[in-house]
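Structure record follows, encoded as structure tokens.
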Amino acid sequence: MLPDIESIKMRRKILGITQKDLARHTETSQSFIAKLESGRINPSYRHMKKILDFIESLEIRESEELRANEVYRKNVLSVSVGDRIPAVVRLMKKHGISQLPVFRDNVPAGSITEMSIVDLMSRGYDSKKLSVMRVSDIMGEPFPTISQNTPISVISSILQHNAAVLLTKDGGVTGIITKADIIKVIK
């Protein structure tokens with residue numbers, strides 16, 4: 001027995017697929033999908049089966065995908081807005097990392113990366129100038145925050161434009177994911 005026609009629209013939207021995409025993958029038309037979802041047509045068993053098989057295949061794939069809570073690091077190394085740049089560089093070198101979240105009163109306030117420090121050096125800042133600078137002088141935007149259940153595919157997309165993402169739960173930061181963490185899941 002096939003599920004209700006009414007569930008197709010809801011399931012399609014949850015999966016983030018358009019009517020046009022659903023039509024393309026099920027060899028129907030966008031207008032057919034629109035009429036189906038609005039209850040204006042009664043589809044054949046063959047059409048319904050093809051549509052539901054496609055939706056179910058996406059739901060299975062999504063349920064099997066790794067989530068943030070399976071790849072994150074709990075130990076979030078960070079710096080404060082008032083820390084000096086040499087201390088940041090020592091921390092990065094000691095732990096072999098290239099980016100750090102910046103906190104002010106336990107709240108993400110920005111980010112600092114090797115690239116932001118190297119950029120200053122390329123603009124003529126020598127070690128003497130850098131030694132008196134504070135993180136707040138050069139920090140960038142805070143890393144994006146995500147929930148524990150965010151799929152790896154979404155995290156990978158975010159990491160194309162950011163050095164890291166922070167995991168949050170109940171308003172607090174619980175972990176961090178970097179590009180290196182994503183690569184580690186490849187077997």
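Of everything in segment 42-60 that's assigned to a helix (DSSP H, G or I) and hydroxyl-bearing (Ser, Thr, Tyr), which residue is modelled with the lowest pLDDT?
Across segment 42-60, the extreme among qualifying residues is Ser57.
Conditions tested, residue by residue: (1) touching a Ser or Thr at 6+ places or on another chain (Cβ under 6 Å); (2) surrounded by fewer than 16 Cβ atoms within 10 Å (Cβ to Cβ).
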{"residue": "Phe143", "(1), (2)": "yes, no"}
{"residue": "Gln148", "(1), (2)": "no, yes"}
{"residue": "Ser157", "(1), (2)": "no, yes"}
{"residue": "Gln160", "(1), (2)": "no, yes"}
{"residue": "Leu167", "(1), (2)": "yes, no"}
{"residue": "Val173", "(1), (2)": "no, no"}
{"residue": "Ile177", "(1), (2)": "no, no"}
{"residue": "Ala180", "(1), (2)": "no, yes"}
{"residue": "Lys184", "(1), (2)": "no, yes"}
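Only one residue in Ser147, Ser131 is in the same structural domain as Lys74 (by TED's automatic domain parsing) and within 11 Å of the chain's Cα centre (by Cα). Which one?
Only one candidate qualifies: Ser147.
Checking Ser38 against (1) more than 30 Å from Phe103 (Cβ to Cβ); (2) surrounded by 10 or more Cβ atoms within 10 Å (Cβ to Cβ); (3) within 31 Å of the chain's Cα centre (by Cα): exactly one of these is not met. Which one?
Result: Ser38 fails condition (3) only.
Taking Leu167 as the residue in question, decide whether it is outside any helix (DSSP H, G or I) and among the hydrophobic types (A, V, I, L, M, F, W, C).
When the stated conditions are applied, Leu167 passes them.
Determine if segment 33-41 includes at least one residue that is assigned to a strand (DSSP E or B), in contact with a helix residue (DSSP H, G or I) (Cβ under 7 Å, 6 or more places away or on another chain) and modelled with pLDDT of 90 or more. So that I can check it myself, show each step before the final result.
At the first step, the residues of segment 33-41 found to be assigned to a strand (DSSP E or B) are none.
There is no residue in segment 33-41 that is assigned to a strand (DSSP E or B), in contact with a helix residue (DSSP H, G or I) (Cβ under 7 Å, 6 or more places away or on another chain) and modelled with pLDDT of 90 or more.
Applying the selection to segment 13-29, what residues are of a type in the set (D, E, K, R), within 22 Å of Glu64 (Cβ to Cβ) and at pLDDT 85 or above?
The one that is of a type in the set (D, E, K, R), within 22 Å of Glu64 (Cβ to Cβ) and at pLDDT 85 or above: Asp21.
Taking segment 79-108, which residues are in a helix (DSSP H, G or I) and either among the charged types (D, E, K, R) or touching a residue at least 60 places away in the same chain (Cβ under 8 Å) (or both)?
Within segment 79-108, Arg90, Lys93, Lys94 qualify.
Output the number of the condition that Ser111 fails; it satisfies all remaining conditions of (1) surrounded by 12 or more Cβ atoms within 10 Å (Cβ to Cβ); (2) part of a loop (DSSP other than H, G, I, E, B).
(2)
The values are calculated or read from the model by the stated rules, or taken from the named source; none is laboratory data. Small disclaimer: the values here were computed from a predicted structure and weren't measured. Here Cβ is always computed from backbone atoms with ideal geometry, including for glycine, and neighbour counts include all displayed protein chains.
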